[in-house]
1. Find the eigenvalues of the gyration tensor of the Cα atoms of segment B:267-473, then list the square roots of 5 times those eigenvalues as equivalent ellipsoid semi-axes, largest first, in whole angstrom.
2. Return the whole-Å distance between the Cα centroid of segment B:225-245 and the Cα centroid of segment B:382-399.
3. Note down the relative contact order for chain B as a percent, whole number, built from C-alpha pairs under 8 angstrom at least six residues apart.
4. Going by amide H atoms built from the backbone, whose H comes under 5 Å of the H on B:T126, apart from near neighbours?
5. How far, in degrees from 0 to 90, does helix B:296-317 lean away from the longest principal axis of the Cα atoms of chain B, to the nearest 10?
6. Please determine, in degrees from 0 to 90 and to the nearest 10, the orientation of helix A:7-30 with respect to the longest principal axis defined by the Cα atoms of chain A, where the helix direction is its Cα long axis.
7. Taking the Cα centre of each part, how many Å lie between segment B:114-166 and segment B:442-504?
8. Cα convex hull of segment B:118-259: how many Å³ per residue?
Amino acid sequence: MTTMGSLILRTASRFLLPLLLLFSVFMLLRGHDEPGGGFIAGLVAATGFALYLFAFDAGRTRELMWADPRVLFGLGLLAATLAGVPPILVGEPFFTAMWWPIEVPGLGEIKLSTPLVFDIGVYLVVLGGVMTIVLALAEAEE
Amino acid sequence: MNPEVALPILIPFVAGSLSLVFFRSNAAQRWIGVIGTGALLVSSLVLLYNTWSHGVLVMEMGNWPAPFGIVLVSDLLGAIMTVLAGIMGFAVAVYSLPSISADHETFGYYPLTHLLLAGVCGAFLTGDIFNLYVWVEVLLIASFGLLILGGERGQMEGAVKYVTLNLFSSIMLLAGVGLTYGMTGTLNMADLAVKLPEVENQGLVTVVAMLFLVSFGIKSAAFPLFFWLPASYHTPPVAVSALFAGLLTKVGVYALYRFFTLLFSHDVGYTHELLLWMAGFTMITGVLGAAAHYEMRRILSFHIVSQIGYMIMGLALYTPLALIGGVFYIVHHIIVKANLFLVAGVVYFLRGSYELKEVGGVWHTRPWLGLLFLVPAMSLAGIPPLSGFFGKYMLIRAGVEVESWGIVLVALVVGLLTLFSMVKIWAEAFWKAQPEETGERARRFEAALPQSAVVLMVLPIIGLAAITVFIGLGAQPIYAIANAAAAQLLDSSDYIEAVLGVRP
């Protein structure tokens with residue numbers, strides 16, 4: 001793996017990773033009514049970490065991610081499942097969308113909702129799942 | 001609004017994701033395993049009770065009205081199956097505590113088990129055929145993972161056959177779903193039950209019915225495409241085998257019951273005649289395969305196949321009594337079959353082998369285990385007063401009533417051969433003395449097994465055996481539930497009214 005890391009790739013991936021992560025958050029948040037959403041955003045974020053993995057190695061990528069990808073996967077699945085629960089508490093069927101729009105000065109209206117929680121869950125599942133596979137492959141090769 | 005309909009799917013998902021979050025700690029995963037499956041069992045019992053007292057329960061997911069959104073429907077058959085999934089999950093979770101090695105736990109045994117249970121419960125409760133396909137995929141993916149846990153050579157060999165045939169069956173299922181949608185413009189089961197009889201080209205409906213028949217036939221390991229099951233079920237850890245034996249093929253059987261009562265009951269003379277032939281051949285090939293083998297788990301695997309034949313026989317005869325017998329048989333079979341695998345597992349941990357030629361003498365050291373084996377074994381063979389007797393009695397009587405003598409004869413002979421297989425295991429593993437050549441290994445295994453492990457493994461066996469005895473001695477309440485479930489299957493107007501809000 002380390003043989004692939006040229007100086008250009010290493011430098012570029014350092015700059016690209018934060019950009020890709022920011023872009024993935026943008027994709028995640030605009031997703032409900034416009035193109036985007038948790039799945040594609042999770043893939044973009046995973047691309048950033050995968051690029052870092054190609055430039056450096058599996059150990060450093062693990063250090064960079066704040067949690068083990070499997071934990072991310074579990075947290076995401078938990079968030080996505082629990083996103084369906086709040087409607088039950090107010091007597092609506094499972095997975096009914098609930099919206100809590102709030103006005104933030106300077107930013108305009110922000111729509112907090114259970115679909116947003118679900119999307120964040122999907123984001124974490126995709127990021128965790130892809131990184132579990134990629135890291136396992138990279139470590140097997142090393 | 002019935003939140004209890006979604007709970008049996010929700011609970012395994014939450015438990016599964018929690019055990020992923022705590023993947024570093026095997027102890028935490030064990031606790032989540034036992035508590036999660038226990039909660040699943042409780043919620044499924046609540047569901048059955050409410051379905052029994054209030055009739056068919058429906059939940060429209062995301063508040064999208066049927067037939068446009070996905071509905072979860074709990075009728076009595078679905079609720080009964082969910083309870084069985086809960087019992088299996090809990091029993092296997094307790095049994096797993098001492099019997100699953102730390103390696104397997106680290107590689108995701110518990111998350112996969114919860115995912116499997118979620119898929120199974122989802123398949124039992126959904127009222128939408130595409131959603132059914134999705135749940136079947138969920139449980140298949142989980143079962144692929146469980147099957148190759150440990151990655152031994154034999155497991156890979158079995159898994160290749162298992163994966164190939166099941167993917168083939170999934171393609172058939174998806175094709176059938178697509179064609180059904182093309183014909184009727186709906187995927188909701190209740191809506192389909194109304195619209196399928198109105199389709200102009202009834203010949204095409206029968207063709208699609210055949211696609212579903214082949215697909216679910218493969219998944220339930222019915223003749224002629226059953227060979228993936230005996231090739232793979234004896235390879236994973238025994239707790240996994242027990243879970244598979246209890247639940248996986250029964251999803252196929254459940255889907256056959258659902259599809260060929262609610263949806264495709266317009267041409268019974270053709271479809272159910274075919275099912276009857278399938279049932280007969282499934283019974284015979286399964287039991288003959290079992291007679292030829294001397295490995296406990298292989299014998300038991302072949303018996304799953306032959307027992308599937310009885311369940312399909314109940315559907316194929318398509319009389320009230322036959323359907324009651326069929327539902328009763330499913331209840332009895334799931335409990336008994338899983339229990340036999342669990343007992344075989346204990347014999348392995350005591351003697352170090354599943355080969356009947358290499359084990360023996362369990363009766364002399366642990367007579368109570370012999371008795372615990374006899375309960376499910378004699379029940380499987382259909383000895384009164386255990387649960388299997390009543391199931392077989394009802395099915396055979398239903399066959400006599402419609403004068404279908406061929407299948408009656410087959411069912412009786414297969415029952416006798418089942419007894420032969422069970423007595424073979426009893427005589428070899430329990431009665432005869434431990435063979436000298438393998439005595440050393442047996443003593444080593446028995447010495448290495450702590451007493452607490454034995455207790456944890458035997459507790460679920462006692463529980464399941466108690467249920468078997470209860471179904472046998474107190475057959476009346478189970479018969480009453482099976483009776484009501486069969487009535488709902490034969491007259492689908494309650495189901496349709498609950499989902500669509502109008503009486504057909």
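1. One finds semi-axes of 35, 17, 12 Å for segment B:267-473.
2. 26 Å
3. Details: 850 pairs, mean separation 79.7, N = 504.
Once divided by the residue count of chain B, the mean separation gives 16 percent.
4. Close amide H contacts, sequence-distant or interchain: B:V73.
5. Here the helix axis deviates by roughly 20 degrees.
6. Approximately 10 degrees, to the nearest ten.
7. Cα centroid to Cα centroid, the span is 21 Å.
8. Value for segment B:118-259: 90 Å³ per residue.
Every number here is computed from the coordinates shown, using simple stated rules; none is lab data. Keep in mind that this is a model prediction, so the values were computed, not measured. Neighbour counts run over all protein chains shown; Cβ positions are idealised from the backbone, glycine included.
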